[in-house]
Structure formats: C-alpha cells, structure tokens
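Written below as structure tokens is the structure these notes are about.
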Amino acid sequence: MEAAAIFFSIFLYAPYLIYLIVFIIVKKISARHRTAVSTGIHATNPFLIGSVYFLILFIWGLSMFWMLCLLIAMIGILSAFYIRSKKDDFTFGLILKSTWRLSFLVFVLLHISLVIAGTVLAIYHSVS
C-alpha cells in the first residue's frame with residue numbers, strides 16, 4: 001500500500017515540479033520570461049496528460065486512454081476551426097501549437113478537478 005501511495009503522490013505533483021524545474025532552468029539560460037513559460041508549458045504537457053490518466057485510473061479504476069486521445073483530437077479540431085475562421089490560410093504548425101497550448105489548459109483544469117474529486121471520495125470512503 002505504501003508503494004502505491006508513493007507512486008500516486010509522484011504523479012500528483014510531478015507536472016508542477018517539472019514546470020518549475022524547466023521554468024527556472026530556461027529563465028536562467030535565456031533570461032526571457034515568455035520563453036521560460038512557453039518551454040515550461042511544452043515540457044509539462046505530456047506529464048500532465050499522464051498524470052490525468054493515472055488519476056482517473058486510481059480514482060475510478062478505469063483506463064480512459066482512448067478518451068484522453070479523443071479529447072486531444074477534439075481540441076485540435078476545434079482549434080483548426082477557430083484558426084480557419086480567423087485566417088484564410090493556416091499552417092499545420094500553428095494548429096499543433098494551439099492544440100498543445102489549449103490541451104495544457106484543459107488538462108490543468110482536469111488535473112485540479114480530479115485531485116479535488118479524489119480527495120473528496122477518499123474522505124467519503126474513509127468516513128463511511
């Protein structure tokens with residue numbers, strides 16, 4: 001049980017720690033805040049997606065990998081439609097960049113929601 005708790009806590013805080021580490025390193029190297037934030041977001045996103053996957057797996061015991069892939073694809077489709085409505089010509093790189101950034105925002109919100117839901121469910125199960 002202790003190993004599972006350690007594994008859970010690593011995936012709970014790893015995305016935020018990775019963001020801080022990458023942000024600090026890039027900020028020291030480049031001295032540009034915007035570059036540090038952007039690089040931190042790009043480096044954190046895969047860990048955030050993995051963390052959301054494992055939080056769902058730990059809380060409900062369901063593997064929702066295909067749903068997360070579908071969510072990222074939907075974000076990509078929505079960002080492509082939005083970019084197409086604003087510009088007549090768009091590039092694949094712009095769609096990937098906007099999809100990656102929007103997925104970061106969505107997965108941060110999902111991560112926070114799942115942490116709160118997991119905490120509430122753990123308290124509920126321990127009380128009853």
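Remarks
- Filter result for Ile41 (touching a residue at least 24 places away in the same chain (Cβ under 8 Å), touching a Lys or Arg at 6+ places or on another chain (Cβ under 7 Å) and on the phi < 0 side of the Ramachandran plot): yes
- Search result, residues across region 9-35 that are crowded, with 18+ Cβ neighbours inside 10 Å and more than 24 Å from Ile75 (Cβ to Cβ): Val26
- Members of region 44-67 found to be farther than 25 Å from Ser126 by Cβ and hydrophobic (A, V, I, L, M, F, W, C), listed by number: Phe47, Leu48, Ile49, Phe65, Trp66, Met67
- Residue list for region 71-123, filter: of a type in the set (Ser, Thr, Tyr) and surrounded by 14 or more Cβ atoms within 10 Å (Cβ to Cβ): Ser79, Tyr82, Ser98, Thr99, Ser103
- You will find that of Ile77, Ile56, Ile83, the residue that is in a helix (DSSP H, G or I), under 28 Å from Thr119 (Cα atoms) and free of Cβ contacts under 8 Å to residues at least 60 places away in the same chain is Ile56 and no other.
- Failed condition for Leu68, given (1) outside any helix (DSSP H, G or I); (2) crowded, with 17+ Cβ neighbours inside 10 Å: (1)
Throughout, read-outs are computed from the coordinates displayed, never taken from laboratory work. Just so you know, these numbers come straight off a predicted model, no measurement behind them. All Cβ positions, even for glycine, are placed from backbone atoms using ideal geometry, and neighbour counts span all protein chains on display.
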